[in-house]
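K.L.:
For reference, the structure I am asking about is given below.
The values are calculated or read from the model by the stated rules, or taken from the named source; none is laboratory data. Everything quoted here is computed from the prediction, not taken from an experiment. Methodologically, a virtual Cβ is constructed for each residue, glycine included, from the backbone with ideal geometry; neighbour enumeration extends over all protein chains shown. Side chains are part of the model used for accessible areas, which takes the heavy atoms of the whole protein and leaves out ligands, DNA and RNA. Shrake-Rupley method; radii C 1.70, N 1.55, O 1.52, S 1.80 Å.
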Amino acid sequence: MKFHRKQKIKRFYKKSIWPSIILFLVFLGSCTGMVLTCMFTFQAYLINTKIADMHEDARNLGRMVDQHTQENNETIFEAVSFIQAYLEEDKDICITDADDQVLKYYGKTMPDFGRAENVQLINPYQLIPDLNMAGGERQLLLTFPELFWRSIEALKKSSYEDNQWMDEPLFHTYYWVEVPIRMQDYHLYYRGSMTIVQKNIFFMNVAILAQLVCLGVPTIFLFWNVLSSIAMQKRLVNQLYQDPVTEGNNWCHFIEQSRKILKKSKNANHTYAVVNLHMLRFQDYCACNGSKEGDALLKKIDGYLRVNMDRGETCARFSKADFGLLLHCRSVELCEKRLKKLLVELTGVKKDKMMSFSAGIYLLRPAANRKERRRRQIDLNQVYHFASAARSSIRGKEGEHIKIFDQQILQEQLWKHKVEERMEAALAAGEFQMYLQPKFHPVTEKIVGAEALVRWISPEDGMIPPGRFIPIFEENGFITKLDDYMISEVAKLQSEWKINGRKQVPISVNVSRVNFVKADLAEHICRLVDGYGAEHAGIELELTESAFLGNKNMLQKILQELKMCGFCLSMDDFGAGYSSLNSLKDLPIDVLKLDMDFFRGDGSKERGEIVVKETIRLAKSLHMKIVAEGIEKKEQVEFLAEQGCDMIQGYYFARPMPVSEFNERAERDV
Ligand code: C2E
Ligand code: CA
Ligand code: CA
C-alpha cells in the first residue's frame, strides 16, 4: 500500500506541472513575507525609538519637577508652571490627584482618563484607533506601505534645492505619558508628540526598493520561464500525442490510453475488442480527389469515430487509412453488431462519395488471467497486428467486411513468421529450386519454350508451392532476391545448354512488380545474365498485370531499356483482374500470356471462345506472340491451334518439372 502511494506521488511529480507552480508560489510567498517582516520590524523599531525618546523626555521632566519641589520647596503647581513656560508650545502637562481627578492642566488639552490606553502607551505594536486628542492622527502605527507611499508622495512634492526634503514630516501624532515624580499625592501627565520625517525612513525605503527590484526581476523572469515551459510542455504533449493528419489522437496515445483502460479492467468477464478499421481504396480516392481531400476525409472519419467512442474506449489513426479502435464489448455478437453499424454509418461520412470499410477484430479479456497478465504485459502493437491480419484475410471476399482473429489466421501468422525467419538461410542453402514447365507448339506439339517456376524444397516441410511463400515475399520485399536468383538460374541453364550443345529454347522468368521501383532494373538484370555469358534473347521476362498499375512513365522507361538490352517481354495473366488494354498500346510487350481463367468457369463456352479468339486477333495485329496458360484438355489445344495461338503451357502437355527431367524430355522431343 505504501509502495502504491509512493508510486502515485512519483507519477504526480512526473506528470504534473502543478508541483512546480506550487513550489514557485511558496517561494514567492516566503520572499514577500520576508520583505514585509523587514518592513514591519523596521517600523516597530522606529516607533519604539520615538516612544523611548518621549519616555526619556517624561523622565527628564519628572527629574526637573522633583528638583524644583524638593530643592526650591515649590509646590508642584509652581514647579510645573515654571517648567511649562520653557517647553514647546504643544507639550501640554496635566496634574491629577492620586485618583486621577484633574487638578490643573497647562496647555490646550487634557487626557481622557476613561481610556487608559490614551494615557500610557507601552506597546508600540498595539494599534490605537482613537488617539485623536489634539490634532493627532487616527492611527499611531500606520501600515508600512502607507508610510512608504507617503514618503514617495512627499518626495514628489518637495523641492530639492532647499535641502529641507529630508526633514519633511510624514506622520505626526500626540499622546499622553505618565511622568514619574516622587510626590505620591499627585500624578503628572505629559503630552508628547511623535513625528516621523522623511530621513527616518528614506534609507529603509531605498533598501526596500532595492529588495523589491532584486526579488521582482527574478520573479518576473521565473514566472515567464514557468509560463513558457508550460506552453512548451503543452506543445510537446500535443506533438507527442497528436496525429498530424487528423489532429486527433495518434498511435502513441492509443497505445498508452489502451494500456490504462485494460489495466483498470477488473471484471474477468469484460471483453475488449482491438479493431483494425480500414478504408478500402483510399489510394484511388486520393487519386481522384487529391491528397488534400484525402486528408480531410481521414480527419472526418477520425472525428466520427471519436464521437462514437464510449467511456473506457479509445481510437486513433494508425497509418494511411487504417484506424485502431479499442471497444468495450458485452458480448462478441454485440461487438460485431456495433462494428457493422459503424461501418455502414462511415460509408456516408461524406455525402456525395461512396466509400467502403472493412475491419479485423482481436478479442481480449484483460482480467481473465490476471497472474499471467501481470507477468507479461499485453503487447498492443502485436494485438493490433493480429486484428489487421484478420482484416487482411477477408481481402477479395465479396460481402464480408468484418473478421475476428481465429485459429486459422493464427496458423497463417505463424507460417508467415516461420517463412520470414527461414527465407534467407533457405536461399543460401539452395532450398529454392528452379522447375521448368515446357511451352508447346499447338500444331507440332514440340517444346518451343519454358517457364521457370520456383519450388521451395524444405527439409522440414517438403515441397512448398509458390502460392504459400510468394505473397509473403512480395509483402516483405524478399521477392527481389528470389527473382534475382531465378534470373541467374535461367541464365546459368541457358549458358550450360549452349556449352553442351543442347537445343536452346527461350525460358521465361517471373519478375515481380516489386522490382519495378528500381530505376536501374535493366542494368541490374543485364549484369546478372552477363555473369553467366547467356544470350539475352533466350530470356523472357514475365510481368504480371499489377506491375502495369504503378508509375507508368517509370515502367515505360524500364521496359524500353530492357527491350534495348534484347530481352523479350511478356504480359503474364492477361485478362485476370484489371485488364489494361492501354498498356498494350503504350508498352513494348512482345508476348501476351492468356490467363488460365479464360479456359475455366461456368460461363458460356461459345462466348469464352469468342473472347479468346478476338484477344488472339488483337495480339496478332499488334505483332505480339500469344501463349495460352492452364490448358488441360485436348479440345482446348485444338481450338487454340485453329486460332493461331503460338504456344501452349498446361497440364495437358506437362506440369512444371525439375531441370534434369526437362532436359530428358527436350532430348526425346528432338
Ligand atoms: P504463374 O506465373 O501464372 O505461373 C503459372 C502457374 O500455373 C504455375 O503455378 C503453374 O504450375 C500453373 N499451371 C500451369 N499449367 C497449369 C494447368 O494446366 N492447370 C493448373 N491448374 N495450373 C497450371 P505455380 O508454379 O504454383 O506458380 C504460381 C505462381 O507463383 C506463378 O503464377 C507466379 O506468379 C508465382 N511464381 C512462381 N515462381 C515464381 C518466381 O520465381 N518468381 C516470381 N516472382 N513468382 C513466381
Ligand atoms: Ca508467369
Ligand atoms: Ca500466368
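K.L.:
Of the residues that make up region 264-278, is at least one assigned to a helix (DSSP H, G or I), out of contact with any Phe, Trp or Tyr (no Cβ under 8 Å at 6 or more places or on another chain) and free of Cβ contacts under 8 Å to residues at least 12 places away in the same chain?
P.N.:
no
K.L.:
Please go through region 74-95 and give me each residue that is open to solvent by 10 Å² or more (accessible area, probe 1.4 Å) and modelled with pLDDT under 85, ordered by number.
P.N.:
Listed by number, the residues that qualify are Gln84, Ala85, Tyr86, Leu87, Glu88, Glu89, Asp90, Lys91.
K.L.:
Considering only residues that are more than 25 Å from Ala522 (Cα to Cα) and open to solvent by 10 Å² or more (accessible area, probe 1.4 Å), look in region 467-484 and name the one that is farthest from ligand 3 (Cβ to nearest atom).
P.N.:
Arg468
K.L.:
Within region 542-573, how many residues are touching a residue at least 40 places away in the same chain (Cβ under 8 Å), open to solvent by less than 10 Å² (accessible area, probe 1.4 Å), not acidic (Asp, Glu) and not in a helix (DSSP H, G or I)?
P.N.:
The number of residues fulfilling the criteria is 2.
K.L.:
Can you spot a residue in region 382-392 that is closer than 29 Å to Lys593 by Cβ and more than 16 Å from ligand 2 (Cβ to nearest atom)?
P.N.:
Yes, region 382-392 contains at least one residue that is closer than 29 Å to Lys593 by Cβ and more than 16 Å from ligand 2 (Cβ to nearest atom).
K.L.:
Could you run through region 574-597 and say how many residues are within 15 Å of ligand 2 (Cβ to nearest atom), assigned to a loop (DSSP other than H, G, I, E, B) and at negative phi?
P.N.:
So the answer is 4.
K.L.:
Okay, next question. Find the residue count for region 457-484, including only residues that are more than 16 Å from ligand 2 (Cβ to nearest atom) and either farther than 29 Å from Ala519 by Cα or part of a helix (DSSP H, G or I) (or both).
P.N.:
Within region 457-484, residues that are more than 16 Å from ligand 2 (Cβ to nearest atom) and either farther than 29 Å from Ala519 by Cα or part of a helix (DSSP H, G or I) (or both) number 15.
K.L.:
Name the residues in region 574-602 that are within 11 Å of ligand 1 (Cβ to nearest atom), acidic (Asp, Glu) and modelled with pLDDT under 90, would you?
P.N.:
If the condition is that a residue be within 11 Å of ligand 1 (Cβ to nearest atom), acidic (Asp, Glu) and modelled with pLDDT under 90, then Asp597 is the only one that fits.
K.L.:
For region 49-71, name all the residues that are open to solvent by less than 60 Å² (accessible area, probe 1.4 Å) and either touching a Pro at 6+ places or on another chain (Cβ under 8 Å) or at pLDDT below 85 (or both).
P.N.:
Thr49, Lys50, Ile51, Ala52, Met54, His55, Ala58, Gly62
K.L.:
If Glu460 satisfies all but one of (1) under 19 Å from Gln413 (Cα atoms); (2) near ligand 1 (Cβ under 10 Å from one of its atoms); (3) open to solvent by 60 Å² or more (accessible area, probe 1.4 Å), what's the number of the condition it fails?
P.N.:
So the condition that Glu460 fails would be (2).
K.L.:
Let me ask you something else. Restricting attention to region 645-658, which residues are open to solvent by 30 Å² or more (accessible area, probe 1.4 Å) and more than 15 Å from ligand 3 (Cβ to nearest atom)?
P.N.:
Asp646, Tyr652, Pro658
K.L.:
Is one or more of the residues making up region 549-556 in contact with a helix residue (DSSP H, G or I) (Cβ under 7 Å, 6 or more places away or on another chain), of a type outside the set (S, T, N, Q) and within 16 Å of ligand 2 (Cβ to nearest atom)?
P.N.:
No, region 549-556 has no match at all.
K.L.:
Does Val197 qualify as being touching a strand residue (DSSP E or B) at 6+ places or on another chain (Cβ under 8 Å), modelled with pLDDT under 80 and open to solvent by less than 40 Å² (accessible area, probe 1.4 Å)?
P.N.:
No.
K.L.:
So in region 636-660, with the set limited to residues that are within 14 Å of ligand 1 (Cβ to nearest atom) and in a helix (DSSP H, G or I), which one is nearest to Arg502 (Cα to Cα)?
P.N.:
Once the filter is applied, the top-ranked residue is Val659.
K.L.:
If you don't mind, another one. Under 8 Å between Cβ atoms, at least 6 apart or on separate chains: pull out the pairs that start in region 300-315 with a residue that is closer than 16 Å to His270 by Cβ and in contact (Cβ under 8 Å) with a residue 40 or more places away in the chain and end on any residue that is outside any helix (DSSP H, G or I) and open to solvent by 50 Å² or more (accessible area, probe 1.4 Å).
P.N.:
Gly312/His328; Glu313/His328
K.L.:
From the residues in region 443-457 that are more than 15 Å from ligand 3 (Cβ to nearest atom) and open to solvent by less than 10 Å² (accessible area, probe 1.4 Å), which one is nearest to Asp573 (Cα to Cα)?
P.N.:
Applying the filter and picking the extreme gives Ile447.
K.L.:
Sort out which residues of region 589-634 are open to solvent by less than 60 Å² (accessible area, probe 1.4 Å), closer than 20 Å to Phe567 by Cβ and either among the aliphatic types (A, V, I, L, M) or away from ligand 3 (no atom under 16 Å from the Cβ) (or both), and write them in order of number.
P.N.:
Passing the criteria: Ile589, Val591, Leu592, Ala619, Met624, Ile626, Val627.
K.L.:
Something else now. Out of curiosity, is Pro438 exposed (fewer than 14 other Cβ atoms within 10 Å of the Cβ), within 16 Å of ligand 2 (Cβ to nearest atom) and either modelled with pLDDT of 95 or more or over 42 Å from the mean Cα position of the chain (by Cα) (or both)?
P.N.:
no
K.L.:
For Lys503, indicate whether it is away from ligand 2 (no atom under 16 Å from the Cβ) and surrounded by 14 or more Cβ atoms within 10 Å (Cβ to Cβ).
P.N.:
no
K.L.:
Checking the condition β-branched (Val, Ile, Thr) and open to solvent by less than 30 Å² (accessible area, probe 1.4 Å), which residue from Val179, Val217, Val206, Val213 passes?
P.N.:
Answer to the check: Val179.
K.L.:
Let me ask something else about it. Can you work out which of the residues in region 320-338 that are of a type outside the set (Gly, Ala, Ser) and under 26 Å from the mean Cα position of the chain (by Cα) is most open to solvent (accessible area, probe 1.4 Å)?
P.N.:
Across region 320-338, the extreme among qualifying residues is Lys320.
K.L.:
Tell me yes or no: at least one residue of region 626-644 is closer than 26 Å to Ala537 by Cβ and among the basic types (Lys, Arg).
P.N.:
The answer is no, given that none of the residues of region 626-644 is closer than 26 Å to Ala537 by Cβ and among the basic types (Lys, Arg).
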